[in-house]
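Please read the structure below before turning to the comments.
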Amino acid sequence: MRIVHLGLGAFSRSHIAWYTEHAADGREWGISAYTGGSHELADSLTRQDGLSTLIVRDSDGDRSEVVGSIVRARSGDDVEALLADLAAPATAVVTLTITERGYRSTADGSPDADDPAVADDLALLAAVGDRPLSGLAPRTVLAKLVLGLEERRRRGGGALALLSCDNLPDNGGRLARAVSGLATVLSSSLGEWIAREVTFPSSSVDRITPRLSDAELEQLSASTGDLAPVVAEPFSDWVISGEFPAGRPRWETAGARFVDDLHAWEARKLWMLNGAHTLLACLGLLRGHRTVADAVTDPTCREAVEALWDEDASCLPAGLDLPAYRDALLTRFANARIEHGLVQIAGDSFTKLRLRIVPVAEARLARGESSPATAAVIAAWMVARKRGLLPDDAADDRRTVPAVLAALSAPLAGSPAYAASIESFGNRLSTDCSI
């Protein structure tokens, strides 16, 4: 095993594991994967030697294949095994799909000391000193990762790459700041070792992989004999930028792209695909829809998506083939055989607004341009949250437009015109759910 993966779930198996399986040298690499804490998934995959059935679903039917690049699956609570894997000389790459929330960091990427779990882990790391790491039980994923890096340093381990595959702008840089912030609390020696031996490539990942209902999971398990099958769309994309000092699979032979500058590709995907998902989740739920496919065929939702994409495109550079990308997104969204639930997408939506919607609004504001489409998304979020439609954990005081903008963006909070636009859309949505 030469890859350690943190955040094992359906997406990582349809994407990272799939690309590794299809790489020309994939058999030379194996993945030791850790769930966020689920024993059930780890146990299911262990019972079938890490094998997982991927069902690729489109309008023409289903196509199944067995993905075997995961060699071992464990619960994220198994810290002892994780430390051993991270310290193993053969380990060359660590990949992460821990979701935006899993980073538990501030807007600048540093550890969020106001988060109780992070505060507990900062205290734990500060008390480590020269003690053995065995028996320590951090609460957060990144603190576990930092302990694993310390174990690797103590054992004289070599360089490795930490590759974020989460929907965050500059996800490699964000991971670097969070890890370094935690590591220096443990010891200056670890911070110096990480600066010297660890790289943090960034990546943009894309493949719609919906959560299966219990009924569909039972049906697919019966038909495939797989305890944990995965359903995904045919489309997949992976764009990577950065160095891998101890090597990596030849993912480019499976279709991944390696670029010098990821920013434009990252922004295209984050703003246009993920941003539209957030819009469809909020507005679609308000209009009584259940899935992305239902919502995107609603003329009101479709018009809102197109308006958002127009604003996104105005902030993106040339050379990204945006017309074709927009057409592809609409085809993907309309694939009714991929049941991508709006409630699932709506989770942690406040953080998603900050990452997917706010950058476009700020860019247009800086140019002296209005941004009604992004204001409509924030208004839809506020009304949907007020009606209890979102599985959101934003603080109770984020109920008014000024409070929401103050938490989202200082530049937007300082724009009375932008606040008025949100108020206007919110009033309309409160009466007829149209924008």
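Quick notes
- Total residues in the range 213-268, condition crowded, with 16+ Cβ neighbours inside 10 Å and on the phi > 0 side of the Ramachandran plot: 1
- Residues satisfying the stated conditions in the range 164-173, i.e. over 19 Å from residue 4 (Cβ atoms) and part of a loop (DSSP other than H, G, I, E, B): 167, 168, 169, 170
- In this structure, residue 280 does not qualify as outside the structural domain of residue 159 (by TED's automatic domain parsing) and within 20 Å of residue 18 (Cβ to Cβ).
- Listed conditions (1) under 18 Å from the mean Cα position of the chain (by Cα); (2) surrounded by 17 or more Cβ atoms within 10 Å (Cβ to Cβ) are all met by residue 286, apart from (1).
- Across the range 90-102, a minimum of one residue is classified as modelled with pLDDT of 95 or more, under 30 Å from residue 407 (Cβ atoms) and not aliphatic (A, V, I, L, M).
- Selection count, the range 11-25, where residues are outside any loop (DSSP other than H, G, I, E, B) and surrounded by fewer than 21 Cβ atoms within 10 Å (Cβ to Cβ): 1
- Considering the range 289-356, the qualifying helices (runs of 4 or more DSSP H), each wholly inside and each with 1 or more residues that are within 19 Å of the chain's Cα centre (by Cα) and either surrounded by 21 or more Cβ atoms within 10 Å (Cβ to Cβ) or not assigned by TED's automatic domain parsing to the domain that holds residue 234 (or both), run over 292-296, 322-333, 342-345, 349-356.
- Qualifying residue in the range 213-230 (condition: in contact with a Gly (Cβ under 7 Å, 6 or more places away or on another chain) and either in the same structural domain as residue 337 (by TED's automatic domain parsing) or within 23 Å of residue 65 (Cβ to Cβ) (or both)): no
- Condition met for residue 210 (crowded, with 21+ Cβ neighbours inside 10 Å, in contact with a Gly (Cβ under 9 Å, 6 or more places away or on another chain) and at pLDDT below 95): yes
- Counted as qualifying within the range 49-163 are the strands (runs of 3 or more DSSP E) with 2 or more residues that are closer than 28 Å to residue 238 by Cβ and free of Cβ contacts under 8 Å to residues at least 60 places away in the same chain, namely 61-67.
- Here residue 320 fulfils each of the conditions (1) out of contact with any Pro (no Cβ under 9 Å at 6 or more places or on another chain); (2) aliphatic (A, V, I, L, M); (3) under 18 Å from residue 290 (Cα atoms) apart from (3).
- Test for residue 409: is it at pLDDT 95 or above and among the polar types (S, T, N, Q): yes
- Residues of the range 201-251 satisfying the condition of being charged (D, E, K, R) and under 18 Å from residue 99 (Cβ atoms): 206, 207, 211
- Only one of the numbered conditions (1) within 15 Å of the chain's Cα centre (by Cα); (2) assigned to a helix (DSSP H, G or I) is not met by residue 176, and that is (1).
- Considering 37, 50, the condition of being small (Gly, Ala, Ser) and surrounded by 20 or more Cβ atoms within 10 Å (Cβ to Cβ) is satisfied by 50 alone.
- The range 366-391 - residue that is over 19 Å from residue 346 (Cβ atoms) and of a type outside the set (Lys, Arg) and, of those, surrounded by the most Cβ atoms within 10 Å (Cβ to Cβ): 371
- Failed criterion for residue 114 (all others in (1) exposed (fewer than 15 other Cβ atoms within 10 Å of the Cβ); (2) within 30 Å of residue 354 (Cβ to Cβ); (3) at pLDDT 95 or above hold): (3)
- Test: residue in the range 367-376 that is β-branched (Val, Ile, Thr), over 28 Å from residue 234 (Cα atoms) and part of a helix (DSSP H, G or I): yes
The values are calculated or read from the model by the stated rules, or taken from the named source; none is laboratory data. Note that the structure is a prediction, hence the values are computed from the model and not measured. Neighbour counts are summed over all protein chains in view; Cβ atoms, including those assigned to glycine, are modelled from backbone coordinates with ideal geometry.
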